[in-house]
Structure formats: structure tokens, C-alpha cells
1. Surrounded by fewer than 21 Cβ atoms within 10 Å (Cβ to Cβ) and assigned to a loop (DSSP other than H, G, I, E, B) - does that describe any residue in segment 164-172?
2. If you check A262, A229, which single one turns out to be in contact (Cβ under 8 Å) with a residue 60 or more places away in the chain and under 23 Å from the mean Cα position of the chain (by Cα)?
3. Can we say F160 is farther than 29 Å from V275 by Cβ, within 16 Å of ligand 1 (Cβ to nearest atom) and either under 19 Å from the mean Cα position of the chain (by Cα) or not small (G, A, S) (or both)?
4. Would you mention how many residues in segment 1-44 are open to solvent by 70 Å² or more (accessible area, probe 1.4 Å), small (G, A, S) and modelled with pLDDT under 95?
5. Restricted to segment 287-303, and to residues that are part of a helix (DSSP H, G or I) and among the hydrophobic types (A, V, I, L, M, F, W, C), which residue is nearest to N206 (Cα to Cα)?
6. Quick check on segment 122-151: of everything there that is within 16 Å of ligand 2 (Cβ to nearest atom) and in a loop (DSSP other than H, G, I, E, B), which residue is farthest from the chain's Cα centre (by Cα)?
7. Looking only at segment 82-94, count every residue that is surrounded by 14 or more Cβ atoms within 10 Å (Cβ to Cβ) and away from ligand 1 (no atom under 11 Å from the Cβ) and tell me the total.
8. Please work out if E23 is away from ligand 1 (no atom under 11 Å from the Cβ), closer than 30 Å to Q271 by Cα and not β-branched (V, I, T).
Amino acid sequence: MCPACDGSLSLSVSRAEDAEIIEGELRCSACASSFPITRGIPRFAELTAVERDKQATAENFGWQWRHFTEKDERYAEQLLGWIAPVTPEFFRDKVVLEAGCGKGRHTQLAAQWGAREVIGIDLSEAVETAYSATRSLSNAHVIQADIFRLPLARKFDYAFSVGVLHHLPDPRKGFFSLASKVKPGGHVSAWIYGAENNEWIVRLVNPVREKITSRIDQRALLHLSKIPAAGIFLATKLIYGPLNRRGSTLGQYLFYNDYLSAISPFGWREQHLIVFDHLVAPTAFYIPREEFETWWRELGATDVTISWHNKNSWRGFGTIH
Ligand SMILES: C[S@@+](CC[C@H](N)C(=O)[O-])C[C@H]1O[C@@H](n2cnc3c(N)ncnc32)[C@H](O)[C@@H]1O
Ligand SMILES: [Zn+2]
């Protein structure tokens with residue numbers, strides 16, 4: 001539906017390939033706003049027209065996901081860690097929304113796990129990569145839109161968002177916007193950076209991220225970020241991985257062990273992406289558990305489970321009414 005007035009949209013198609021609409025237009029019958037469909041993606045967000053802080057975030061992540069386009073075999077396990085207690089079977093026959101889908105790795109998994117339909121939305125150019133990643137899946141769809149102005153009706157069985165809300169100017173408002181698209185009785189999952197155990201990031205990394213790394217040219221950051229990424233890569237491969245192998249209890253004495261041992265199986269490219277992702281974001285909030293709990297309470301969600309993931313982040317799951 002129309003993100004400006006909630007009116008219904010009528011579709012005109014100028015080019016289609018089989019059932020896929022490649023070029024066309026969606027026009028609101030109530031307020032006459034129109035939204036183009038180009039390269040297979042309905043475009044509800046004009047990047048030059050959104051607020052400055054959102055624009056900077058979208059530009060930086062857009063670049064990231066157009067550069068780091070590859071898939072890793074560990075993405076499924078990683079996603080299940082972020083959305084636990086949800087399992088692959090949970091997706092079967094559900095109409096699913098992913099907010100801030102980035103390169104589409106999770107939209108793709110949701111479709112492969114049997115969702116009836118899954119829609120991935122993102123504000124940035126990442127949608128181009130997400131579209132390519134899901135082009136062959138007839139139950140997966142990608143839309144370019146702002147999480148705060150979703151062009152969608154309240155028809156979803158399940159909505160999830162991984163690593164997105166803490167990058168918004170108002171994370172709580174983004175969470176409410178996501179949940180507002182879920183039908184009564186449906187479910188929501190959200191995974192966010194936690195404040196707890198991340199005091200060192202807030203004190204040491206945030207000033208560098210805010211003043212330097214989120215402001216420099218992305219290609220320069222790509223190379224600069226290889227320095228901390230190399231340190232983390234060596235530490236995870238030579239220390240965290242071995243000291244956390246089955247039978248060893250030594251890992252527990254290491255700094256930030258839960259998280260660093262969790263990423264230790266990833267190869268160089270993926271670890272470089274993780275470091276780049278942290279440094280490129282212009283906005284990042286580290287949210288205390290108490291605040292996250294309040295969001296769910298204010299939403300009126302029930303059967304809420306909130307758990308600490310890798311001792312550095314919060315994941316929540318609940319039922320919407
Ligand atoms: C760290 S990435 C996470 C991507 C994906 N969820 C994943 O885990 O691979 C954050 C994503 O949120 C998107 N994003 C940021 N602000 C947004 C907004 N206002 N509306 C929609 N998406 C937004 C960015 O473009 C980016 O792709
Ligand atoms: Zn309208």
C-alpha cells in the first residue's frame with residue numbers, strides 16, 4: 001500500500017520476464033503518488049530525499065553489500081543464532097518480512113526454508129545484490145523502502161530484523177514499525193547490539209568509527225580495515241579457535257571469548273566483512289537489556305523470550321496481538 005497515505009496501489013507493467021515484473025509503476029489511487037519498478041525492484045525510497053543521517057547509513061551499507069556479495073556456507077547457522085528459538089521449520093508456509101535485508105542472504109534462506117512468500121526490504125542499493133541473490137526463487141521478493149515508511153499492509157505471519165535496528169536514528173520506532181506489519185497471533189524476531197560487555201567498544205571504537213571510519217571513502221576503509229581484521233583473524237585462528245576446541249576449557253579466560261570464538265570458523269573474507277561492517281556504520285546504538293525489554297512490553301507482545309547472544313548482543317522473539 002501507499003507509504004504516504006495507506007491507499008491501495010495499482011500496477012502497470014512495461015516489461016516482464018515470465019511472472020517477474022522487471023519494469024513498471026505502482027500508482028496510488030488515493031493520493032496519486034507513483035513509485036517506479038526498475039530492474040525488478042519496486043522503489044519506494046528516493047535516497048536523495050531521505051533525511052541526512054539515514055542517507056549516510058544507506059550509502060555506506062549500500063557500498064558494503066555491493067562489494068561483499070558472496071555467500072558463506074555458515075550463514076544459515078549464523079542466522080539461526082540471531083533468531084533463536086526460531087528454526088527452519090518455523091518458516092514453512094508463512095508470509096515473512098525481513099527488514100533491512102542487506103545483500104539478501106536471509107531473505108534467500110527464508111525462501112529456501114519454505115516460506116510461502118518472503119519480502120526483503122532495504123533502504124540502500126544493497127537491494128540490487130539482494131535481488132540477484134533471490135532472482136531464481138519465486139517466493140522471494142525485494143523492495144527498496146525505508147523501515148519507517150513501509151509500503152506494506154498488516155498481513156505478515158512473521159517479521160524479523162537482524163543487525164538493523166541499532167543503526168537507525170530511532171531504533172525503538174523502527175522496531176514498532178516492523179511489528180506493525182504482523183497480523184495478530186503472528187511473531188517478531190529482532191537482534192540488536194547490546195550495551196552489556198561492549199563498554200570497550202563504546203569507549204574505544206565508537207569515537208574512531210564516528211569521527212573517521214564512517215566518514216572516509218569506502219574503498220579506503222576497505223583497505224584500512226584489513227589491519228584490525230588481520231589482528232582478529234590471527235587471534236581467532238591461532239588462539240580463540242584452538243582454545244575453544246572440544247575438551248578445552250581455556251577459552252573462558254580469554255577477552256570477549258564468546259563472540260570471538262563464534263566467528264573463529266569464518267574465513268578471511270567473512271571476518272574482513274564483519275570488521276568493515278562495524279566500522280562503516282555512521283550510527284550505532286548499543287542497547288541495554290532493560291531498554292529492549294521495554295520495547296516488547298510497550299508493544300504488548302506475549303511469550304517473549306529475550307536472550308544474550310555471544311555475550312554481546314540481544315535477541316528477542318515474541319507474539320504480536
Ligand atoms: C548491518 S546491515 C544488515 C543486513 C542484513 N540484515 C544481514 O544481516 O545481512 C544493516 C542494513 O540495514 C539497512 N538499513 C539502514 N537503515 C535503513 C532504513 N531506514 N530502512 C531500511 N533499511 C535500512 C542498511 O541499508 C543495511 O543493508
Ligand atoms: Zn497515497
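The values are calculated or read from the model by the stated rules, or taken from the named source; none is laboratory data. From a predicted model like this one, the values you see are computed outputs, not experimental measurements. Cβ: placed from backbone, ideal geometry, glycine included. Neighbour counts: every protein chain shown. Remember, those area values only see protein heavy atoms, side chains included, never the ligands or the DNA or RNA. Shrake-Rupley method; radii C 1.70, N 1.55, O 1.52, S 1.80 Å.
1. So far as segment 164-172 goes, yes, one or more of its residues are surrounded by fewer than 21 Cβ atoms within 10 Å (Cβ to Cβ) and assigned to a loop (DSSP other than H, G, I, E, B).
2. A262
3. In short, no.
4. 2
5. F292
6. P151
7. Within segment 82-94, residues that are surrounded by 14 or more Cβ atoms within 10 Å (Cβ to Cβ) and away from ligand 1 (no atom under 11 Å from the Cβ) number 6.
8. no
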